[in-house]
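Okay, structure first, notes after.
Every number in this text was worked out from the coordinates using simple rules, so none of it is lab data. What you see is a predicted model; the values in this text were computed from it and never measured. Cβ atoms come from the backbone with ideal geometry, glycine included; neighbour counts cover every protein chain shown.
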Ligand code: CDP
Ligand code: MG
């Protein structure tokens, strides 16, 4: 199996609810190697770069949902003037799928209770959107693209 790298973000809902430690605990249980970590302020530019490939696709043909996604990752719903997320890179055999398995499926109500999203995610009754705590790259191509957006090469261990 190939050695892969994958990106995880603890999103603003996870940061607001102080779930970063619990999320990392679950991620560490994969025994993959943590090779990068930083707290980042999510600007509009960074948010749009991160989600660029989702714009106009699937549920995001609904412009309102896409703008919600951008506002969400920018921390606009979670009261953090510093707009922070925690960005992590894990490396190892089959890392993309291994991290996705620990994270769980997109809808927290469908996610298995032994995943991060299943254990800690929720659907916000106020606006009906998912608060699924973490982002994880969906495939190797996404992972390589996303890691470049969040990290400079020298910020990652080899
Ligand atoms: O994050 P994941 O790869 O599982 O899902 P995605 O299809 O790439 O969508 C990105 C994010 O959009 C999700 O993690 C959710 O935060 C949000 N989303 C949502 O709120 N409602 C949906 N019906 C679909 C996605
Ligand atoms: Mg995705």
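One table, with the values for the structure above:
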| quantity | calculated |
| --- | --- |
| Stretchable slack from residue 34 to residue 2, in nm (0.36 nm times residue separation minus alpha-carbon distance) | 9.9 nm |
| Region 1-43 versus region 126-158: alpha-carbon centroid distance in Å | 9 Å |
| Segment residue 49-residue 71, length gained on full extension (0.36 nm per residue, minus Cα span) | 6.6 nm |
| Helical mean residue ellipticity (222 nm; -39500 (n - 2.57) per DSSP H run of 4+; nearest 500) of the chain | -10000 deg cm²/dmol |
| Ordering of 76-88, 45-57, 134-146, 6-18 by burial proxy (mean other Cβ atoms within 10 Å per residue, highest first) | 6-18, 134-146, 76-88, 45-57 |
| For region 72-158: relative contact order, % (alpha-carbon pairs under 8 angstrom, 6 or more apart) | 21 percent |
| Percentage relative contact order, region 3-152, counting C-alpha pairs under 8 Å, at least six apart | 37 percent |
